[in-house]
1. Can you name the number of the only condition in (1) under 19 Å from residue 16 (Cβ atoms); (2) without any contact (Cβ under 8 Å) to a residue 12 or more places away in the chain; (3) surrounded by fewer than 14 Cβ atoms within 10 Å (Cβ to Cβ) that residue 71 fails?
2. Quick one: in the stretch 60-75, of everything that is in a helix (DSSP H, G or I) and either more than 16 Å from residue 9 (Cα to Cα) or among the aromatic types (Phe, Trp, Tyr) (or both), which residue is modelled with the highest pLDDT?
3. Take the residues of the stretch 74-124 that are farther than 19 Å from residue 23 by Cα and without any contact (Cβ under 8 Å) to a residue 40 or more places away in the chain: which is farthest from the chain's Cα centre (by Cα)?
4. If I ask for residues that are under 22 Å from residue 42 (Cα atoms) and either touching a Leu at 6+ places or on another chain (Cβ under 8 Å) or surrounded by 15 or more Cβ atoms within 10 Å (Cβ to Cβ) (or both), which ones from the stretch 105-125 would you list?
5. Test residue 55 against the criterion of being modelled with pLDDT of 95 or more, part of a helix (DSSP H, G or I), of a type outside the set (A, V, I, L, M, F, W, C) and surrounded by 14 or more Cβ atoms within 10 Å (Cβ to Cβ), and give yes or no.
6. Could you list, in sequence order, the residues of the stretch 8-43 that are polar (S, T, N, Q), surrounded by 16 or more Cβ atoms within 10 Å (Cβ to Cβ) and in a loop (DSSP other than H, G, I, E, B)?
7. Filter the stretch 82-104 for residues that are outside any loop (DSSP other than H, G, I, E, B) and either of a type in the set (S, T, N, Q) or surrounded by 14 or more Cβ atoms within 10 Å (Cβ to Cβ) (or both) and give the result.
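The values are calculated or read from the model by the stated rules, or taken from the named source; none is laboratory data. For clarity, every value in this text was computed on a predicted model and none was experimentally measured. Cβ sites come from the backbone with ideal geometry, for glycine too, and all protein chains shown count toward neighbours.
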Amino acid sequence: METQLLVKIIHMSVAGLAIVAILARALTLFVGTQGNMPNPVARTVLVALQHFAITVIVLTGIVSLFLKDFDVQPWFYAKVILFLVLVSSLGKAYKKDDSILLVQRRAGLFIAVVSLVSILALVMIKPNFG
């Protein structure tokens, strides 16, 4: 199998895993919360799954860039910025700090979901800005 295709398959499969992890972890902000903190049940597994998925997405993305000799479409840069917004907002939403209100955590989750949907839309539509 061609290397680029294999990397793309891994990248997309793990992206699906990341979506499942983000949605499963989102439930912890709505079910069984303890004060201003998310539900601690299965926290370790969900954090590990989310970190694994995001790390593999970054690594396969970098490998894919090398294989394509850094020849990217203009929408790629928007995708990278949205990915950084996704990671940042998830970090803020699930930070272990009791002073962050539950409403603020849910707002961070909302921003993460909007950026995730935007990334998926960019990948499916592949707009031509030129």
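1. (1)
2. Among them, the one singled out is 66.
3. 97
4. Once the filter is applied, which keeps residues that are under 22 Å from residue 42 (Cα atoms) and either touching a Leu at 6+ places or on another chain (Cβ under 8 Å) or surrounded by 15 or more Cβ atoms within 10 Å (Cβ to Cβ) (or both), the stretch 105-125 yields 105, 106, 108, 109, 112, 113.
5. In short, no.
6. 39
7. 82, 83, 85, 86, 87, 88, 89, 90, 92, 93, 102, 104
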